[in-house]
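Notes follow the structure.
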Amino acid sequence: MPRRDWVWHFQDLSPQRLWPLIADTNRFNEALGLPAYALEEIPQANGTVLRRGTGKVAGMELAWEEKPYEWVTNRQFRQTRVFSKGPFARFGPVFEIDAEGAGSRVSYGLQWEPLTWLGRLTGRRLTEKAGAAVKQRVEEAAAFLRGERPTAFDFPPPAPPSGAAERAEAAIALAEGTGYAHGLARRLVEHIRGSMDVDLQNIRPKALARLWQVPDRHAIELCLAGVKSGMLDMRWNLLCSNCRGAKVAVPSLDQLPRGAHCASCNIDYGRDFARNVELGFAPAASLRPVATGGFCLSGPSVTPHVVVQQLLAPGERRAVSIDIAPGRYRVRTLHPGNSVEIEHEGGAFPGLRATAAGVEALPAGVAGSIDFVNDAGFELAMLIETREWVRDALTAHEVTTLQVFRDLFAGATLRPGDEAGVGQVAILFTDLRGSTAMYESIGDAQAFNLVREHFAVLGRVVRDHNGAVVKTIGDAVMAAFTDPAEAAAAALAIREAIMAFDSRFAREHGVESGLVVKLGVHAGPCIVVTLNDRLDYFGGTVNMAARLQGQSAGGDIVLSRAVADDPAVRPLLANLPSREETVALKGFAEPVPFLRVLQASP
C-alpha cells in the first residue's frame with residue numbers, strides 16, 4: 001500500500017506534552033476544515049458493531065466502514081477507513097511520537113490504496129495536499145505549547161447570528177445579576193464567540209475551570225447562571241456504562257430515561273445519578289450555532305481514559321511496548337463480554353487474551369511490553385482503561401447537591417413516580433435546641449428574625465462547602481453533599497458560625513438568645529425522588545442522619561461511623577475532643593455506633 005511520511009524534531013517538547021494536542025483528532029479534523037459526520041452503527045451476529053459513514057469532501061461522495069482507532073497513549077495512533085464509494089479503497093493516518101532526549105521525534109504517515117482510476121491518478125497529489133495541511137497544524141500545535149501563539153490552530157470563527165451581540169450583552173447582565181457568575185460572564189461569551197465547535201458541543205465546567213485557572217465551583221455556577229440568562233443550554237447526558245459515550249442527551253431532567261442502548265457497545269444499560277448521568281452545556285443557538293456530529297468519532301481524545309486500544313485480526317498475537325503506571329484498570333473488548341479488573345502495582349502488566357466471551361488476563365510477561373492475543377475467531381478491538389472514567393464530567397448527583405442548582409432551578413425535577421439511585425450521598429441535619437423557650441424569653445418577633453437569619457448563615461456555610469439545602473422543616477435543615485468530608489467540614493463550620501452569630505446577636509440586642517445548634521451527619525446510598533415539586537432524598541441513609549441529629553445534645557456533632565471513618569474526615573477531627581458511643585435507634589434493628597464530636601474547651 002503506498003505511503004508518504006513526514007518527520008519533525010521538537011527538542012523542547014516531550015511526548016507527554018505533544019500527545020494531548022496531536023492525538024485530539026476531533027479538534028485536528030475541524031482545524032483541517034473537514035466536515036462533521038455521523039456513523040450508522042450496525043450490530044453483528046458475533047457481538048461486534050459495523051460502523052458505516054458517509055460524507056462529502058472536495059465535491060466527492062464518500063461511503064466507508066470506519067475501523068476502530070488503535071493507539072498507545074503518548075506513543076502512537078493509527079486508523080483505517082475501508083471505502084465502498086470514493087477514489088480510495090483504504091485511506092488512513094499513522095502518527096508516532098518517540099522520545100528524543102528531552103524532546104520528541106514525531107512522524108506522520110498517510111497510507112492509501114486506490115479504488116478507482118481517479119484514486120490512481122490523484123492519490124499521491126491528494127496525499128501531499130493533506131500532508132501539507134497536517135504539517136501546518138502540527139507546527140501550530142507546537143508553537144502553541146511553547147506559548148508562541150494564543151490558540152492551538154488557526155480557524156475562521158463563524159459569523160454570529162443577527163442580533164447576537166445585543167443578546168450577549170443582555171445575557172451577561174442577567175448572569176452577573178444572579179450572584180453566581182463571579183465576574184466571568186463576559187469571559188464565557190468570548191469563549192463562545194472564539195472557540196472551535198469541538199470545544200462548544202459539550203462544555204464541561206470543570207475543564208473550563210482548569211483552562212481558566214478558577215475554582216471548579218465558580219465555573220459550575222457560571223454555567224448554570226449562563227443557562228438562566230439564556231446564554232447556554234443544558235444537556236443531560238446518559239453515558240454508556242461501558243464506553244462512557246453519551247448515547248442519550250435531553251434538555252431537561254424530567255426527560256431523562258431510566259436507561260438506554262449503546263449501539264457502539266451493543267449493550268443496554270441503566271441510569272445512576274452518581275456514575276453515568278452528566279450535565280453538559282452548549283451555546284444557545286441565538287448566540288452561536290454549533291455543528292452537530294463529530295469531526296472524528298473514535299479517536300484517542302474521545303475516550304481519554306483508554307490508555308491502549310488495539311485492533312487484532314483473528315488468531316493474531318501482538319506485543320505492544322508500553323509502561324503502565326500503577327493504578328486500577330479494566331481490560332475489555334469493544335464487543336459485549338467479560339472484562340477483567342486489575343490492580344496494577346507496577347512492573348510487568350498481565351497479557352490479554354480475547355475470546356468470543358470477552359477478555360481474560362494472561363500471566364505477566366516482561367516490564368514495558370504487553371501481549372495481546374485474539375482467539376475470538378473474528379476481528380476485534382481490545383483495550384486497557386483507567387477506572388477514573390471522565391474526570392471532567394459533572395454528574396447529576398454532584399450538580400443537584402449544589403446550592404446554585406437548588407436556587408436557580410428549583411423546578412428541575414424527575415417525572416412523577418420516577419426515581420434515581422445514588423451510590424453515596426452525605427446527609428446533614430441541623431436543628432435548634434430549646435427553640436420554644438427562646439420564643440418565650442426574647443419574644444416572637446425577635447425569635448422569628450433570629451431563626452430566619454440563622455437559616456441564611458446555614459445556607460452560606462453549606463454553599464461554601466459545595467452542598468445544597470434540600471429543605472427546611474420547622475427550625476431544622478436538611479442538606480446534601482457528594483463528599484462526606486465536605487459534609488463534616490460544613491458541620492464544624494456551622495457550629496462555629498452559629499456560636500459567632502449568637503454572640504453578635506447578644507451584643508447588638510442586649511438579649512441572651514441561647515441559640516444552640518444540633519448536628520448529625522451520615523453517608524450512604526439514597527434514592528432521589530420528586531417530593532413537593534422539588535428534588536429530595538429518600539431511604540435509610542436519610543433516616544439514619546435524622547436519627548443521629550436527634551442524639552445531639554446541642555453544640556456537639558454526631559457523626560456516623562461511615563462518616564467519621566472516612567480517610568478524608570479523620571484529619572478534620574484529629575485535634576478535637578470526641579467520644580465513641582452506641583445507641584439503639586428507632587427503625588434500626590441493631591445498635592448504631594457513632595462518634596460524638598465535642599466542643600473544645602475555651
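The values are calculated or read from the model by the stated rules, or taken from the named source; none is laboratory data. Computed from a predicted structure; not experimentally measured. Cβ placement follows ideal geometry from the backbone for every residue including glycine, while neighbour counts extend to all protein chains displayed.
Here are a few things to note about the model shown:
- Restricting P567, P571, P593 to residues that are in a helix (DSSP H, G or I) and either of a type in the set (G, A, S) or in the same structural domain as M499 (by TED's automatic domain parsing) (or both) narrows the list to P571.
- Test: residue in the stretch 376-386 that is within 28 Å of the chain's Cα centre (by Cα), part of a loop (DSSP other than H, G, I, E, B), not assigned by TED's automatic domain parsing to the domain that holds I203 and not basic (K, R): no
- Subset of the stretch 344-368 (residues that are more than 30 Å from N46 (Cα to Cα) and in a strand (DSSP E or B)): H344
- Count - residues of the stretch 461-497 that are part of a helix (DSSP H, G or I), of a type in the set (D, E, K, R) and either within 25 Å of T541 (Cβ to Cβ) or in contact (Cβ under 8 Å) with a residue 60 or more places away in the chain (or both): 4
- Enumeration of residues in the stretch 327-385 that are among the basic types (K, R) and either touching a His at 6+ places or on another chain (Cβ under 7 Å) or modelled with pLDDT of 95 or more (or both): R353
- Hits in the stretch 402-419 (condition: part of a loop (DSSP other than H, G, I, E, B) and under 21 Å from R210 (Cα atoms)): L402
- Residue in the stretch 318-337 that is nearest to L239 (Cα to Cα), counting only those that are in a strand (DSSP E or B) and in contact with an Asp or Glu (Cβ under 7 Å, 6 or more places away or on another chain): R330
- When the stretch 195-223 is filtered for residues that are within 26 Å of F155 (Cα to Cα), buried (at least 19 other Cβ atoms within 10 Å of the Cβ), in contact with a Leu (Cβ under 8 Å, 6 or more places away or on another chain) and not aliphatic (A, V, I, L, M), the ones remaining, listed by number, are R204, P205, C223.
- Scanning the stretch 335-361 for residues that are surrounded by fewer than 14 Cβ atoms within 10 Å (Cβ to Cβ) and farther than 26 Å from G245 by Cα yields E345, G346, G347.
- Tally of residues being in contact with a helix residue (DSSP H, G or I) (Cβ under 8 Å, 6 or more places away or on another chain) and more than 16 Å from R3 (Cβ to Cβ) across the stretch 107-139: 2
- Residues in the stretch 5-23 that are within 20 Å of F91 (Cβ to Cβ) and surrounded by 20 or more Cβ atoms within 10 Å (Cβ to Cβ): I22, A23.
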